[in-house]
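First up is the structure itself, then whatever we jot down about it.
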Amino acid sequence: MIPLAIPNLCGREGEYLQECIKSEMVSSVGPFVGQLEEALAKACGAAGAVATASGTTALQSAMATLGIGRDDLVISPSFTFIASSNAISHTGASPWLFDVDDRSWTIDPALVAERLEKDCRRDADGTVRHIATGRRVAALLPVFTLGAPADMDALAAVAEAYGLPLIVDAAAALGALYKGKPLGATGAVFACLSFNGNKTITTGGGGAIIGNDLALLKRAKHLTTTARVGLHYDHDEIGYNFRMTNVQAAIGCAQMENLEFFLRRKREIEAIYRAALVDNDRLRPFPELPGCRSTFWFSGVQITDFDEQKMLGLIALLRNAGIDARLFWKPVHLQKPYKNAQQTGMSVSERIWPQVLVLPCSTQLDEKTQSFVIDAVKTALRAI
Ligand SMILES: *Cc1c(COP(=O)(O)O)cnc(C)c1O
């Protein structure tokens, strides 16, 4: 099977792992965690980074750091990986699920502004409250779908008007640019990354919070490392064990040395699929807002006249041909745990999601294999 997206360990991963073994620093102590945090902050144009055990726990601790918790509502899109919503739920808050914009597949800023205006009121102390549930609206959490930036200027304007912090789920967006600006300069308090095995860089499993407020980052580090004070067993609040290990960070440091190469390959692969498959009427490329640079974490096409049945038929043909093609995210409001979540109308998310075909896009994919995939897609499209 030609894989969808697998790790590319072509750098110094083995060498750095050997260093962990030789030094016997395989756990929470060791130099690689700090080195990875520095490399991430630099790559994102941010003041600092905190490495975590996963992207999900990065999101959860980013919210916890800002005091988001029980009974709060966090505005986020329904068209996302379920982890965005799970992280909100793990803090004790609930997601308020929004539809996405057809042009970017990211949260629709006009819809957010409209619902805040119509469904919420301000308490005397400025707290934004959702009228029907009485819950505080605590944050705005856009997702950079497939690594493509959301409309951050519009979202930052809404966030500012309502005094809401912006936290970006940038799990697959390391290296994305919004109007030329890296993740650290998009106006968000925090951006959260994932280094799961299928992401652009991997640490086996892991994540990070990046940001510019050093005091908040320090607090995030404290919370994610059991809220320990000093050398002994003193803890000043209920913290989490969300730390990344030196072994994971060692892999991450080696991966970061190849980040530019990986990003270039992702764009090359996407460009080849686009040139071969996209035609203006029926097959559309994955979105990228004007002036923005997506990381194209995954490549593929939108088949605009498909429903779920047809897409599953196409995918079955591709899988028979030995190609690991898949459907992309099923929206969160259609998932069992979130059926009753607070939500807007979802016409765009419900139309788009069964039309998104993701295709093999590992950075080591060679031209010949990609041509084979393209031919198989064209053949299968004629057969459906
Ligand atoms: C991968 C991903 C996550 C979760 O990251 P993990 O490291 O798997 O916990 C969250 N949100 C989005 C949008 C993702 O793509």
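Okay, here's what the table says:
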quantity	calculated
Mean-position separation - Cα centroids, the range 227-303 and the range 334-365, in angstrom	18
Cβ-placed point charges (K, R +1; D, E -1), dipole of the range 75-197 about Cα centre in debye, nearest 20	240
Expected-Rg normalisation [2.2 N^0.38 Å, Cα atoms] applied to the range 256-318	1.31
Above-threshold pairs, the threshold being 32 Å between Cα atoms, out of K181/K221; K118/K199; K42/K336; K42/K118; K336/K378	K118/K199; K42/K336; K42/K118; K336/K378
Heavy-atom accessible surface of the chain: percent carbon and sulfur, 1.4 Å	52
Scattering curve values for the chain, log₁₀ I(q)/I(0), Debye with Cα scatterers, q = 0.07, 0.10, 0.14 Å⁻¹	-0.31, -0.64, -1.21
Convex hull of the range 151-224 built on C-alpha atoms - directionally averaged projected area, nm²	5.5
Prolate/oblate/rounded call for the range 264-355, Cα gyration tensor, a/c under 1.5 rounded	oblate
Mean accessible surface per residue for the chain, computed with a 1.4 Å probe while every protein chain stays in place, in Å²	42
Residue-by-residue Karplus 3J(HN,Hα) for the range 270-287, coefficients 6.51, -1.76, 1.60, Hz, glycine and proline x	5, 5, 5, 4, 4, 5, 7, 10, 6, 9, 4, 7, 9, 10, 10, x, 5, x
P(r) histogram, all alpha-carbon pairs of the range 41-104 included - 5 Å bins from 0, percent	4, 17, 22, 20, 16, 15, 5, 0
Cα-based shape type of the range 19-65, given that a ≥ b ≥ c are square roots of the gyration tensor eigenvalues and the cut on a/c is 1.5	oblate
Most mobile of R228, R326, R274 in a GNM of the chain (Cα contacts under 10 Å)	R228
The range 1-102: trypsin sites (Lys or Arg not before Pro) falling in loop per DSSP and having at most 15 other Cβ within 10 Å	R70
Tail weight of P(r) past 18 Å, computed on alpha-carbon pairs of the range 311-384, percent	50
Cα-based convex hull volume of the range 57-196 per residue, rounded to whole Å³	98
Taking the C-alpha atoms of the range 196-343, convex hull volume expressed per residue in Å³	227
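The values are calculated or read from the model by the stated rules, or taken from the named source; none is laboratory data. The structure presented is a predicted model; accordingly, all values stated were derived computationally and were not measured. Methodologically, a virtual Cβ is constructed for each residue, glycine included, from the backbone with ideal geometry; neighbour enumeration extends over all protein chains shown. With ligands, DNA and RNA removed, areas are computed over all heavy atoms of the protein, side chains included. Shrake-Rupley method; radii C 1.70, N 1.55, O 1.52, S 1.80 Å.
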